[in-house]
Ligand SMILES: *[C@@H]1O[C@H](CO)[C@@H](O)[C@H](O)[C@H]1NC(C)=O
């Protein structure tokens, strides 16, 4: 009997942790991007960072650094990337660091990616954004040069292939793709998210200010 109680308690505890971790009421925004792509860079810096700074409380962000790459021989012979070898290295490093940052907030992970996209350092093998993200340099080198990194990239490939993006970066909301949302997100991600988060306070404030501007003009 005692054993059963313990099992039941354990199950309840694990279930509540899972729900907590995935954020039950948050909208899931997934971004499929690649490390040396100018459109990905512009999207991360001009759309994603401001949107997450404003709406991070309401949005769970999943970052998938893979884009139009593909594995050769199930990854055993490496990967081929749209912008060449250095892009593959950049994707791999970002995947390794994001994995190490599992315990960090989405905004912290995004700030790390923004650092990489701003200067493309990871694509040249410099890891100056890594210590800035408070991640151990050694752990990342280990990940990059081992099967762990390969497995992370194979997983990113799997996630990307489920969406089959024709444009990089591509976004999905709650795991589903919509062309109109995709197109609008490149220009006005805050607007896209606020159209789904009408009750969120920052959105209400934004629309009130816009309405006020309109009246005052
Ligand atoms: C997305 O999923 C969350 C959590 O399940 C839900 O609360 C929200 O209404 C969904 N939003 C859209 C636009 O599908």
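The values are calculated or read from the model by the stated rules, or taken from the named source; none is laboratory data. Every value quoted in this text rests on a predicted model; they were computed, and no experiment measured them. Note: ideal-geometry Cβ built from the backbone for every residue, glycine included; neighbour counts use all protein chains shown.
Structure data summary
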quantity	calculated
Of all residues in the range 74-87 being under 13 Å from residue 157 (Cα atoms) and without any contact (Cβ under 8 Å) to a residue 60 or more places away in the chain, the one that is nearest to the chain's Cα centre (by Cα)	81
Tally of residues being part of a loop (DSSP other than H, G, I, E, B) and touching a residue at least 40 places away in the same chain (Cβ under 8 Å) across the range 102-118	1
Condition met for residue 111 (under 15 Å from the mean Cα position of the chain (by Cα) and more than 16 Å from the ligand (Cβ to nearest atom))	yes
Any hit, the range 71-78, residues being modelled with pLDDT of 95 or more, surrounded by 14 or more Cβ atoms within 10 Å (Cβ to Cβ) and either outside any helix (DSSP H, G or I) or within 16 Å of the ligand (Cβ to nearest atom) (or both)	yes
In the range 80-101, the residues that are in a helix (DSSP H, G or I), surrounded by fewer than 16 Cβ atoms within 10 Å (Cβ to Cβ) and in contact with a strand residue (DSSP E or B) (Cβ under 6 Å, 6 or more places away or on another chain)	none
Any hit, the range 55-68, residues being assigned to a loop (DSSP other than H, G, I, E, B), modelled with pLDDT of 95 or more, within 16 Å of the ligand (Cβ to nearest atom) and under 25 Å from residue 119 (Cα atoms)	yes
Subset of the range 119-138 [closer than 14 Å to residue 98 by Cα and in contact (Cβ under 8 Å) with a residue 40 or more places away in the chain]	122
Failed criterion for residue 174 (all others in (1) under 18 Å from residue 58 (Cβ atoms); (2) away from the ligand (no atom under 16 Å from the Cβ); (3) in contact (Cβ under 8 Å) with a residue 24 or more places away in the chain hold)	(2)
